[in-house]
Amino acid sequence: VQGTGGSSAVSKCSAAARGYIQDRFLQLLAGRRRRRRAPLIHRGYYIRARAVDHCVQDFLLKTQSLPRTQILSLGAGFDSLYFRLKDMGLLHHTVVYEVDFPNVACQKAARIKGMKELSALVGDTGEEGLGAITFSGEDYKLLGVDLSELSELERTLEEAGLNNEIPTLFIAEVVLIYMENARSDALIQWAAEHFPQACFLVYEQVLPEDPFGHVMQQHFSQLNTALRSLAQYPDCEAQQRRFLGKGWNECSVMDMNEFFTCCIPEDEQQRVQTLEPFDEYEEWHLKCSHYFVLAASKGMEPSWTPLLPSVTVPRHAGPVGMAGSVPAAVCARLSGIPGLRRYGHHSVLIKPDVILTTGGFGEEDGQHCRMRNFHMLSKRAGYWEAVSVTQSIPDKRWGERLYHTVSCLSDTLALVVGGRRSPSSAGLEMLWLKFPETCNASGPDNVAVELASLQPAAETAALRWRHSTTEMTFKGEQYLFVYGGRSALEPVLGDWYFLHTPELSCTAIAVEGPVPESRHSHSACSWEGGVLIAGGLGAAEQPLGSVFLLRELERGFQWQTIETHPPLVPRYSHTAHVHEGKLLLVGGVWFHASSVPGVTVIDLMTGLCLDYVIDVEHLEWPLMLHNHSSVFLPNEKELLVIGGGGNCFSFGTHLNPEPVLLSLSSILISH
């Protein structure tokens, strides 16, 4: 547990170095440990620092007219809170007490004494620390005590001068969760009973039981720092009940998606979103749904409510209720086959019973890397089997791409559009994939796939990723409709191109009707000659719940909104298929903690929208249904889900280990 403080200090320093947080004291306290962290880690530590600062500064503002207040930071580690507040001139009548394990407190005290910039701010009284009090300044006391020893903590605080009668803010930033429940509950109750005017600020983890939660728990268990209170307090509502049941009169709580959207001004959101190239939206939103900030108080006049939304954001309700479940099963004979553990790839049915998977990030030869090798599955005698693929690789033109599309134009030809290597790179050129006519379900065990460059026609259409490319017809002619996505310059695109096949010339076709808002990571399906667009991530990195149909008219096309009821829960990074007038949405990411997206069925005639949970009872691992691909098999009424997963914050990369079959026969009949 003590090790987590050092690691956290390094991450905060890295976030400060990239401009996410302004804090010149972090590096002085963290010492020589410097490492550059990934953008996803920077955002995670930004939102943590922002939430704590937001609440602390609100407390100081609301109590500024009072003669004296105090802050007690529990498990403070190498945090710089005191030095920042002092430097900003916010501690005129406030004493800050910090508590941590004795050896952490001693290290921090030595660092403060050894750094002029730090000791000058504290106004070092020159006194040697006595016993558990490792450092004592006029308005700053650093104590070395184990928080789980409550009587020892109480005695040391009293000795250090803590005053029970004045307004006190308790801070526990990822601390209580490492303690045994009985001890952390006792601490919460002790604070309420002994301090008539008090506030309590908590930031820590929730939701242990969904796929991301399982990966998170496993990570902390491997570090020997189990998240102890999650079983008893698994969600925000349970945490709120915990405080209200332990002597606190008021308690508000929000997860970090809600905090980011509601409590951070729009210009600040935009500043953070443009600090460095970023393309891990799914993992960012999942990380934020698995952490919360809580503010509890008692006896405060006026009452302390730092978590009131400063902006009114339309609250989208989560799923109304589940209409049923969809059974998931692993595919016999595909267990342990290398090459299918990947995300950000694309899978396409190139012939009946033959699926080609290309690109993405995953596991190759025991290493995590961008995937160069193509992968083919073929159904023989009722079973899916892997077919080895030889390809002209290393082929520079492929560019190890993620988030591209592949569209089959004939039995032997497919078109690759867009994709990227890294979030800062320009999009990648279009390519032809050519495969032999003999590559069918009964064909050879080895298939050669050839890559060929296009003439640079329609190049602007291609320089994007997280877009969609959909087959459609206009006046009996075949087209590909390239829509949305993002690029290195534009975080979200709302434009479209009609590419006439097979020569792929850009064709101007009139489009009327309300233009859908820009989006990426949406789904797009062919339907009755037109295109159905659903969901996606919009301009402010907010999931969208709209469904649009691009429908052919005499002179061109028209955008039409499809109204769904109940309204479709906003989501992105899902896949979609159409079957007999029903739109099937598979997986994705949404902001609702109560469940993860399963399969949603929208009746395109009536707009009826039903959510089904995926029954994972027969899977031995967490099924992450984002950044996956899926192929609908209409005869079997089955969905084959390939790959999926991602880089789960600092908890490691999770790749779904094998393809999964979802049986839809019961829900498609009942519909």
Margin query: In whole Hz and in residue order, list the ³J(HN,Hα) couplings for segment 656-661 that follow from phi through the Karplus curve 6.51 cos²θ - 1.76 cosθ + 1.60, θ = phi - 60°; x for Gly and Pro.
Written below: 4, x, 8, x, 10, 9
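In segment 131-228, which GluC sites (Glu not before Pro) fall in coil by DSSP and have 15 or fewer other Cβ atoms within 10 Å?
Values: sites: 138, 149, 152, 154, 158, 159, 165, 173, 180, 193, 204, 209; in loops: 138, 149, 165, 180, 209.
Of the GluC sites (Glu not before Pro), the ones in loops of segment 131-228 whose Cβ has at most 15 other Cβ atoms within 10 Å are 138, 149, 165, 180, 209.
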Checklist line | Separation of alpha-carbon centers, segment 491-534 and segment 158-213, rounded to whole Å | finding: 52 Å
Item checked: Rounded accessible area per residue of segment 322-663, 1.4 Å, Å² -> 38 Å²
Next item on the list: Sum up the charges of everything whose Cβ sits under 12 Å from the Cβ of residue 408, counting Lys and Arg as +1 and Asp and Glu as -1, but leave residue 408 out.
Entry: 0
Checklist line | Taking only Cα atoms of the chain, radius of gyration then Dmax in Å | finding: 27.9, 89
Notebook entry, point to check: Could you give the nm distance between label points at residue 365 and residue 412, where each point is 7 Å from its Cα heading toward the beta carbon?
Noted result: 3.2 nm
Note to self: Please compute the Kirkwood hydrodynamic radius over segment 428-581, one decimal place, Å, based on all pairs of different Cα atoms.
What the structure shows: 16.9 Å
Next item on the list: List the aspartates and glutamates whose Cα lies under 14 Å from the Cα of residue 113, skipping any in the same chain that are fewer than 8 positions away.
Entry: 124, 127, 128
Check: In segment 322-663, how many lysine pairs have Cα atoms under 25 Å apart, counting only pairs 8 or more places apart or on different chains?
Finding: 9
Next item on the list: Would you list, by chain and number, the aspartates and glutamates whose Cα falls below 15 Å from the Cα of residue 298, excluding same-chain residues fewer than 8 positions away?
Entry: 165, 193, 250
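Do me a favour and compute the ellipsoid semi-axes for segment 322-663 from its Cα gyration tensor, root of five times each eigenvalue, largest one first, whole Å. Walk me through the intermediate numbers first.
Numbers: eigenvalues 148, 129, 81 Å².
Each semi-axis is the square root of five times an eigenvalue, giving 27, 25, 20 Å.
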Checklist line | Distant-in-sequence amide H partners of residue 527 (H built 1.01 Å from N, under 5 Å) | finding: 532
Next item on the list: Provide the net charge surrounding residue 635, with neighbours chosen by a C-beta distance below 13 Å and charges set as Lys +1, Arg +1, Asp -1, Glu -1.
Entry: -2
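The values are calculated or read from the model by the stated rules, or taken from the named source; none is laboratory data. Because the structure is predicted, anything quoted here is derived from the model rather than measured. Positions of Cβ are generated from backbone atoms using ideal geometry, with glycine treated the same way; all protein chains shown enter the neighbour counts. Heads up: the accessible areas ignore ligands, DNA and RNA and are worked out on the full protein's heavy atoms, side chains in. Shrake-Rupley method; radii C 1.70, N 1.55, O 1.52, S 1.80 Å.
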